[in-house]
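Student: Sharing a structure, written as structure tokens. Questions coming.
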Amino acid sequence: VVNLMSSPGSGKTTLLVKTLAALQGRVPLAVIEGDQQTSLDADRIRQTGVPAFQVNTGKGCHLDATMVDRALERLPMPEGGVLFIENVGNLVCPAAFDLGEAAKVVVLSVTEGDDKPGKYPKAFRTSQACVINKSDLMPFVPFCWESVVNDVNLVNSGMPVLSVSAWKETGIDAWCEFLEQQRERLLQSTESGN
């Protein structure tokens, strides 16, 4: 289970659509979508052919374990596969809640600026990877890659930082390789009883 967290507009859904296209046929996939209102993101996911379930939180700013459990009653966990949880767009609340995930991944777009690891440290501290999306726009916005990597390492030393442009489909292979390595590691530890 991979819990994707980010601010609204980071490109999380586009990243997920491209990820599903790259992984489809290699591993079983499913998605739980979290938003305050609408089913727009779940509809986009379903267009890929991957099963998706929408959870609307109303005034809530994050998904919780009870919401995920209820969603799983209608969207079974893909055996041996990957369940993505696209959390509500917010870098504060989602970081504080355990959803039973194997990994939290924080997605940051270059258009948001390079100060987010310092401003929202818990989202970065609790994550197993940071995806910097919209990297194709880096030449056009004030964003310093070295500063972000340094700040990420101050908050969560050694956490992988991956450069991706979901729209241009660059960096998707490295991101999918990271996901598959995490999945294999988890499957091996489960088989060995650890």
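The values are calculated or read from the model by the stated rules, or taken from the named source; none is laboratory data. Treat the numbers as computed from the prediction; the structure is a model and nothing was measured. Methodologically, a virtual Cβ is constructed for each residue, glycine included, from the backbone with ideal geometry; neighbour enumeration extends over all protein chains shown. Note: areas computed on protein heavy atoms with side chains; ligands, DNA, RNA excluded. Shrake-Rupley method; radii C 1.70, N 1.55, O 1.52, S 1.80 Å.
Student: What's the total number of residues in region 91-119 that are acidic (D, E) and in contact with a Pro (Cβ under 8 Å, 6 or more places away or on another chain)?
Tutor: So the answer is 1.
Every residue, every condition in (1) of a type in the set (S, T, N, Q); (2) within 28 Å of D115 (Cβ to Cβ); (3) touching an Asp or Glu at 6+ places or on another chain (Cβ under 9 Å), yes or no:
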| site | (1), (2), (3) |
| --- | --- |
| V1 | no, no, yes |
| S10 | yes, yes, yes |
| V27 | no, no, yes |
| Q36 | yes, yes, no |
| D41 | no, yes, yes |
| T48 | yes, no, no |
| H62 | no, yes, no |
| R70 | no, no, no |
| E86 | no, yes, yes |
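Student: Being exposed (fewer than 14 other Cβ atoms within 10 Å of the Cβ) and either among the basic types (K, R) or touching a residue at least 60 places away in the same chain (Cβ under 8 Å) (or both) is the filter here; which residues of region 142-168 pass it?
Tutor: Residue satisfying the conditions is K168 alone.
Student: Does F178 meet the test of being out of contact with any Pro (no Cβ under 6 Å at 6 or more places or on another chain), open to solvent by less than 50 Å² (accessible area, probe 1.4 Å), in contact (Cβ under 8 Å) with a residue 40 or more places away in the chain and not β-branched (V, I, T)?
Tutor: Yes: the conditions hold for F178.
Student: Within region 102-152, restricting attention to residues that are out of contact with any strand residue (DSSP E or B) (no Cβ under 8 Å at 6 or more places or on another chain) and β-branched (V, I, T), which residue is farthest from G9 (Cα to Cα)?
Tutor: Per the criteria, the residue is V141.
Student: Let me ask something else about it. Kindly indicate whether V27 is at pLDDT below 95 and either assigned to a loop (DSSP other than H, G, I, E, B) or open to solvent by 30 Å² or more (accessible area, probe 1.4 Å) (or both).
Tutor: For V27, the condition - at pLDDT below 95 and either assigned to a loop (DSSP other than H, G, I, E, B) or open to solvent by 30 Å² or more (accessible area, probe 1.4 Å) (or both) - is met.
Student: Does any residue in region 28-41 that is over 24 Å from C176 (Cα atoms) come within less than 8 Å, Cβ to Cβ, of a residue that is modelled with pLDDT under 95 and basic (K, R) six or more places away or on a different chain, and which pairs are these?
Tutor: The qualifying pairs are Q36/K59.
Student: Is it true that S189 is in contact (Cβ under 8 Å) with a residue 12 or more places away in the chain, more than 26 Å from T57 (Cβ to Cβ) and either under 16 Å from the mean Cα position of the chain (by Cα) or not in a loop (DSSP other than H, G, I, E, B) (or both)?
Tutor: no
Student: Among residues belonging to region 1-24 that are touching a Lys or Arg at 6+ places or on another chain (Cβ under 6 Å) and small (G, A, S), point out the one that is surrounded by the fewest Cβ atoms within 10 Å (Cβ to Cβ).
Tutor: So the residue we want is G11.
Student: Within region 120-133, can one find any residue that is closer than 23 Å to P94 by Cα and in contact with a Pro (Cβ under 6 Å, 6 or more places away or on another chain)?
Tutor: yes
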